[in-house]
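K.L.:
Quick one: structure below, then a few questions.
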Amino acid sequence: MIRIEEARFDQIPAMRQVAIASYADTFADSNTPENLRAFFDSAYNLPQLEQEFHEPESKLYLALDDAEVVGFVRLRRSNEVTSYLGENVIELQRLYVLTEAQGKSVGRLLMEKAMNYATSNKFEWIWLGVWEKNYKAQQFYARWGFERFSEHTFWMGDDPQVDWLLKKKL
Ligand SMILES: CC(C)(COP(=O)(O)OP(=O)(O)OC[C@H]1O[C@@H](n2cnc3c(N)ncnc32)[C@H](O)[C@@H]1OP(=O)(O)O)[C@@H](O)C(=O)NCCC(=O)NCCS
């Protein structure tokens, strides 16, 4: 059975493995190995993730299958979309499930936890960025009622990619 729990500091290395494995499985076909490595080195190095763990008003929830981490979701405050949605917003920054655990409701359980956190903290909007070609995730978010409101450029190594920005009213 899958349990969703707030992450402990000592679980960050396991979360990092899930992030890298899920990201590589999802995006390896559309990116060069060099750009993937550059991205992992800059965004998913252990000290960086440990620092983010302590970021105020951020939340990290893990999906656990027994003791094994099979997915996670990270929420944070950010002022990137203030001009569109105002200040009372929370970003769903990352949502990753191991390939072999996908399609079994792990994503749904993580999303439910994220929504609970967002509504109980009285945020007005939840928003996220998703790559314009990540159709599977787009479909998942559409089913959760997210709607496109803008886009931004995301640098994958030296490759500028377009992320759609999606919002959902809480
Ligand atoms: C997008 C992602 C988080 C969804 O997680 P997931 O665990 O596969 O999600 P779920 O199992 O809850 O739901 C996935 C689909 O399977 C279906 N499903 C869920 N449980 C099911 C079950 N027991 N039997 C059959 N189908 C099921 C759902 O209807 C859902 O369909 P939808 O995508 O059209 O909404 C996951 O695919 C993922 O990590 N992808 C790679 C990383 C990524 O792209 N992250 C997002 C970056 S912005």
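Every number here is computed from the coordinates shown, using simple stated rules; none is lab data. Because the structure is predicted, anything quoted here is derived from the model rather than measured. Using ideal geometry, Cβ is built from the backbone for each residue, glycine included, and neighbour counts are taken over all protein chains shown.
K.L.:
More than 20 Å apart: what percent of Cα pairs in region 39-109 qualify?
P.N.:
Everything past 20 Å amounts to 42 percent.
K.L.:
Just to confirm a number: summing +1 for Lys and Arg and -1 for Asp and Glu over residues other than ASN35 whose beta-carbon lies under 13 angstrom from that of ASN35, what do you get?
P.N.:
Result for the neighbourhood of ASN35: -4.
K.L.:
Between region 108-122 and region 133-150, what is the separation of their alpha carbon centroids in Å?
P.N.:
Measuring centre to centre over Cα atoms gives 17 Å.
K.L.:
Once you place label points 7 Å from the Cα toward the Cβ at GLU34 and ARG143, how far apart are they in nm?
P.N.:
Placing both labels 7 Å along Cα→Cβ, they lie 3.9 nm apart.
K.L.:
Something else about it: How are the C-alpha pair distances of the chain spread across 10 Å bins, as whole percents from the shortest bin up?
P.N.:
Using 10 Å bins, I get a P(r) of 10, 39, 41, 11, 0 for the chain.
K.L.:
Short version: ³J(HN,Hα) in whole Hz for each residue of region 134-150, in order, from phi by Karplus 6.51 cos²θ - 1.76 cosθ + 1.60 (θ = phi - 60°), x for Gly and Pro, what are they?
P.N.:
8, 5, 5, 5, 4, 5, 4, 5, 4, 5, 8, x, 7, 10, 6, 10, 6
K.L.:
Determine the gain in length on full extension of the stretch GLU100-PHE9; use 0.36 nm per residue of separation and subtract their C-alpha separation, reporting nm with one decimal.
P.N.:
Gain on extension, GLU100 to PHE9, equals 30.3 nm.
K.L.:
Quick one: length gained pulling VAL162 to ARG77 fully straight, 0.36 nm per residue minus the C-alpha distance?
P.N.:
Using 0.36 nm per residue and subtracting the Cα-Cα distance, I get 28.5 nm.
K.L.:
If you don't mind, there's one more thing I want to ask. Helix-derived [θ] at 222 nm for the chain: sum -39500 (n - 2.57) over DSSP H runs of at least 4, divide by residue count, nearest 500?
P.N.:
Calculated from helices alone, the mean residue ellipticity at 222 nm is -11000 deg cm²/dmol.
K.L.:
Using θ = phi - 60° and the Karplus curve 6.51 cos²θ - 1.76 cosθ + 1.60, what whole-Hz ³J(HN,Hα) does each residue of region 67-78 get, with Gly and Pro shown as x?
P.N.:
9, 8, 7, 10, x, 7, 9, 10, 10, 8, 7, 7
K.L.:
Place +1 on the Cβ of every Lys and Arg and -1 on the Cβ of every Asp and Glu in the chain, take the dipole about the Cα centre, and give the residue among ALA67, ALA28, LEU46 whose Cα lies farthest towards its positive end.
P.N.:
ALA67
K.L.:
If you average the C-alpha positions of region 14-28 and of region 56-100 separately, how far apart do those two centres end up, in angstrom?
P.N.:
Value for the Cα centre distance between the two parts: 15 Å.
K.L.:
Across the chain, how many lysine pairs, 8 or more positions apart or on different chains, have C-alpha atoms separated by under 19 Å? Please give the number.
P.N.:
The number of close lysine pairs in the chain is 16.
K.L.:
Okay, next question. Between ASP65 and ASN45, what's the calculated FRET efficiency when r is the beta-carbon distance and R0 is 25 Å? Round to 0.05.
P.N.:
My answer for the efficiency is 0.45.
K.L.:
Only four residue types carry charge here, +1 at the Cβ of Lys and Arg and -1 at the Cβ of Asp and Glu. Report the dipole size of the chain about the Cα centre in Debye, rounded to the nearest 20.
P.N.:
Magnitude of the dipole: close to 680 debye.
K.L.:
Taking a virtual spin label 7 Å from the Cα of PHE154 along the C-beta vector, which residues in region 48-75 bring their backbone nitrogen under 17 Å of it?
P.N.:
72-75
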